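The values are calculated or read from the model by the stated rules, or taken from the named source; none is laboratory data. Keep in mind it's a predicted model, so treat the numbers as computed, not measured. Cβ atoms come from the backbone with ideal geometry, glycine included; neighbour counts cover every protein chain shown.
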Amino acid sequence: MKFIFALIFLSSVSGLFGQTKTTQALDDKYDGLSLYFYKNTLRMLNQTDDKDFDELIKDIEKMKFLMIDKSEFKFTKQDYSKLLAGYKSESYEEMMTGRYDGRNIDVYLREQNGDVKGTVILVNDSTNLFVLDMLGKIALEKAPALFKTIDNSTDIGSKIKGITDKKEKAERRAEEGKDKNMEDN
C-alpha cells in the first residue's frame, strides 16, 4: 500500500501534463484534492486484475483527478457553467450528459483529424465536483465505470473519505461551538 501512495505522490509531483487550461485554472483557484496518473498508475487501481478495466484504460496516456468541495468554496451553478464554457473554448465538445448514482455526469471530447486526443469527465453532485481530465480516450458508455473504480479504489477512496471526514468533524465542532455559545447567553 505504501508503494501505491509513493507512486501516486511521485506522479503528482511530476508536474502538469499539458492537459486542459480550464482544469488547471480550476485546480489553481480551488484548493481541492489533486491526483495525477500515468497509464501504469491507472493499472495499479485494478487490484482485482479485471480485464474489462484494463481494456477501459488502454487508450489513456495521462489523467488528472480533481475533487473540489463545492460548499467550502461556494462553487455555484454559474461557476459550473463557466467551467463548461472554458472546455468548449478549448475545442472540447459535449458528448454525453447523464446521471449515475445520484450524480450528474458530463463528458467532453477534443478531437483532431477524427481521433480523440482528450477527454474530460465531470461528475457533479450537491457537495462535490470531480474532474477526470485525460490525454486519451475511453468508450463513452464506460465513463461511469472509470469513475466508480477510482471512487472505490482503496487508497484513493480512503484519501477522499479522509477529506470528507475532516470536513464533517469541522462542521460538527462549529455547530457544537454555536450550541455552546447559545447556552452561555
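Listed conditions (1) β-branched (V, I, T); (2) without any contact (Cβ under 8 Å) to a residue 24 or more places away in the chain; (3) touching a helix residue (DSSP H, G or I) at 6+ places or on another chain (Cβ under 6 Å) are all met by T97, apart from (3). Residue under question is K58, and the condition is that it be under 27 Å from N40 (Cα atoms), without any contact (Cβ under 8 Å) to a residue 24 or more places away in the chain, surrounded by 13 or more Cβ atoms within 10 Å (Cβ to Cβ) and of a type in the set (D, E, K, R); does it hold? In short, yes.
Residues of the range 84-104 that are of a type in the set (A, V, I, L, M, F, W, C) and at pLDDT below 90: M96 alone.
Quick check on the range 135-154. Is at least one of its residues surrounded by 13 or more Cβ atoms within 10 Å (Cβ to Cβ), of a type in the set (S, T, N, Q) and at pLDDT 90 or above? Within the range 135-154, none of the residues are surrounded by 13 or more Cβ atoms within 10 Å (Cβ to Cβ), of a type in the set (S, T, N, Q) and at pLDDT 90 or above.
When you look at K77, is it among the charged types (D, E, K, R), farther than 23 Å from D115 by Cα and surrounded by fewer than 12 Cβ atoms within 10 Å (Cβ to Cβ), yes or no?
So K77 fits the description; yes.
Taking the numbered list (1) buried (at least 21 other Cβ atoms within 10 Å of the Cβ); (2) out of contact with any helix residue (DSSP H, G or I) (no Cβ under 6 Å at 6 or more places or on another chain) in turn, Y108 passes all entries but (2).
Put simply, of E55, E93, E61 the only residue that is over 24 Å from T149 (Cα atoms) and out of contact with any Phe, Trp or Tyr (no Cβ under 6 Å at 6 or more places or on another chain) is E93.
The set of residues in the range 80-94 that are of a type outside the set (D, E), surrounded by fewer than 16 Cβ atoms within 10 Å (Cβ to Cβ) and closer than 21 Å to K137 by Cα comprises A85, K88, S89, S91.
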